[in-house]
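Participant: There's a structure below that I have some questions on.
The values are calculated or read from the model by the stated rules, or taken from the named source; none is laboratory data. From a predicted model like this one, the values you see are computed outputs, not experimental measurements. Here the Cβ positions follow ideal geometry from the backbone for every residue, glycine too, while neighbour counts run over all protein chains shown.
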Amino acid sequence: MNIPLHKWLKANGRRQAMPGDKWYLDFAANLLPAIRRCPLFKNSGNEAQEQATLALTLYFQDAISQNGGWNTFTRLYRERYGNILPFYHTGENYVADEINPEDVSLVLWTQLARPAQKHPEDYTLCTPEDEQLAALCGVAYDLMDVAFEEAPVIETPSAPWMRGTKELHTLPTPPPDILPTPGMNENARRCLEASGGHPLLYFTDYDALMHFFAQTLGWEGRNILPDLAKEKEFVLFANTKGILLAHDVAACFRDSHNPMFDEARATTEGYRLFCQPGLCPFDLLRFGMQAGFLADARFPFHHGKTILQDNWDFVARYYLGEYYEGD
């Protein structure tokens with residue numbers, strides 16, 4: 001079953017058909033069986049298979065036409081990071097105005113690595129070095145290479161379709177200052193005084209946190225943050241913006257001030273801070289990376305540490321969405 005025209009037009013972000021649309025739909029029809037045979041997509045359902053096919057066909061169209069959503073993504077990525085692509089090394093054989101295996105691999109990765117939708121924990125991981133992904137990339141690239149010279153130029157650019165593009169629009173913002181300054185938030189100032197100037201404070205459980213709030217911040221009374229009563233392993237970040245609080249993450253921070261650091265858990269659980277919306281405030285995540293406190297975090301696959309540590313800001317943008325607040 002071929003992909004219908006209306007889905008192709010919707011993926012392009014336009015209503016009017018163009019003369020070259022039939023050609024690209026025919027190309028998609030040749031590509032779709034390879035997507036369906038791939039073990040990574042075999043059991044994912046027709047919609048996911050069609051979406052992957054549309055994404056690859058859109059990439060091919062944009063690479064031929066030198067416009068559209070793919071060009072928007074790569075332009076924004078270069079502006080943010082100074083590199084061409086995340087994850088993949090683009091050597092001397094990479095040509096920006098042609099098709100490239102690295103591009104095809106990244107497009108496929110975005111179809112397999114999915115940010116959370118309904119629940120914070122329902123995100124999906126995928127290694128960009130997956131062997132089956134590489135094999136499918138080879139098939140798709142070969143189909144594009146054979147058809148490259150006859151592929152038509154579409155003058156009307158496609159709308160931003162590449163997953164992660166919206167997040168790349170977020171402009172960098174400076175990190176909050178961690179030194180006491182005139183007019184600083186009073187709660188943050190008291191926290192820094194209590195810690196001897198260290199911006200992170202750690203609390204084993206809710207009772208310890210409430211004791212600190214009462215004794216140091218003067219927060220008297222009951223029902224302070226009652227939703228956190230059953231939580232533990234708190235990290236408090238004091239800075240010029242105020243104080244930020246995260247729970248169930250202290251084990252991941254390799255900080256000499258942190259009695260709860262657990263190397264084994266930091267290694268196996270640390271990646272969650274970059275992928276699970278709402279788990280760790282971004283300013284705390286960024287400070288942890290800049291201070292070297294999250295150096296143990298890694299994805300649970302081969303080369304997972306290098307992949308995460310070298311691309312952590314893009315990973316956070318991609319997975320955290322609106323919870324990402326710029327750098």
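Participant: Can you list residue pairs whose Cβ atoms sit under 6 Å apart, with the first residue in the range 1-30 being more than 15 Å from F60 (Cβ to Cβ) and the second being surrounded by 15 or more Cβ atoms within 10 Å (Cβ to Cβ)? Count only pairs 6 or more apart in sequence or on different chains.
Facilitator: G13/A159
Participant: Going through the range 171-187 one residue at a time, which ones are out of contact with any helix residue (DSSP H, G or I) (no Cβ under 7 Å at 6 or more places or on another chain) and either over 27 Å from Y323 (Cα atoms) or of a type outside the set (A, V, I, L, M, F, W, C) (or both)? Talk me through it step by step, then tell me what you get.
Facilitator: Going residue by residue through the range 171-187, those that are out of contact with any helix residue (DSSP H, G or I) (no Cβ under 7 Å at 6 or more places or on another chain) are 171-174, 177-179, 181-186.
Within the range 171-187, P172, T173, P174, D177, T181, P182, G183, N185, E186 qualify.
Participant: Hey, another quick one. Kindly evaluate L200 against the criterion of being at negative phi and touching a His at 6+ places or on another chain (Cβ under 7 Å).
Facilitator: yes
Participant: Still on this structure, please answer the following. Could you list, in sequence order, all residues of the range 1-24 that are surrounded by fewer than 20 Cβ atoms within 10 Å (Cβ to Cβ) and of a type in the set (A, V, I, L, M)? Don't jump to the end; show me each part of the working.
Facilitator: From the range 1-24, those surrounded by fewer than 20 Cβ atoms within 10 Å (Cβ to Cβ) are 1-2, 4-7, 9-10, 13-23; that's our starting set.
Passing the criteria: M1, L5, L9, A17, M18.
Participant: Please state which of the following conditions G292 fails to meet, knowing it meets all the rest: (1) modelled with pLDDT of 95 or more; (2) in a loop (DSSP other than H, G, I, E, B); (3) surrounded by 14 or more Cβ atoms within 10 Å (Cβ to Cβ).
Facilitator: Looking at each condition in turn, G292 falls short on (3).
Participant: Hey, another quick one. Are there any pairs, at least 6 apart or on different chains, whose C-beta atoms fall under 9 Å, with the first in the range 306-323 and at positive phi and the second surrounded by fewer than 21 Cβ atoms within 10 Å (Cβ to Cβ) and of a type outside the set (S, T, Y), and if so, which?
Facilitator: G321/P115; G321/A116; G321/K166; G321/E167; G321/P277
Participant: Can you tell me which residue among Y206, Y123, Y202, Y141 is aromatic (F, W, Y) and under 22 Å from the mean Cα position of the chain (by Cα)? Even if it seems obvious, please write down each step before you answer.
Facilitator: Working: Y206 fails: under 22 Å from the mean Cα position of the chain (by Cα); Y202 fails: under 22 Å from the mean Cα position of the chain (by Cα); Y141 fails: under 22 Å from the mean Cα position of the chain (by Cα).
Being aromatic (F, W, Y) and under 22 Å from the mean Cα position of the chain (by Cα) holds for just one of Y206, Y123, Y202, Y141, which is Y123.
Participant: Kindly state which helices (runs of 4 or more DSSP H) lie completely within the range 62-169 and contain at least 2 residues that are in contact with a Ser or Thr (Cβ under 6 Å, 6 or more places away or on another chain) and surrounded by 19 or more Cβ atoms within 10 Å (Cβ to Cβ).
Facilitator: On the way: elements: 68-81, 101-112, 131-147, 165-168.
Result: 68-81.
Participant: Ok, one more. Name every residue in the range 191-207 that is surrounded by fewer than 18 Cβ atoms within 10 Å (Cβ to Cβ) and in contact (Cβ under 8 Å) with a residue 24 or more places away in the chain, in order of residue number.
Facilitator: Initially, the range 191-207 is screened for residues surrounded by fewer than 18 Cβ atoms within 10 Å (Cβ to Cβ), giving 193-198, 204-205, 207.
Answer for the range 191-207, where residues must be surrounded by fewer than 18 Cβ atoms within 10 Å (Cβ to Cβ) and in contact (Cβ under 8 Å) with a residue 24 or more places away in the chain: S195, H198, T204, D205.
Participant: Go through (1) crowded, with 19+ Cβ neighbours inside 10 Å; (2) part of a helix (DSSP H, G or I) for T306 and report which single condition fails.
Facilitator: The failed condition is (1).
Participant: When the residues of the range 188-224 are narrowed to those that are among the charged types (D, E, K, R) and out of contact with any helix residue (DSSP H, G or I) (no Cβ under 7 Å at 6 or more places or on another chain), which ends up modelled with the lowest pLDDT?
Facilitator: Filtering first and then ranking leaves R222.
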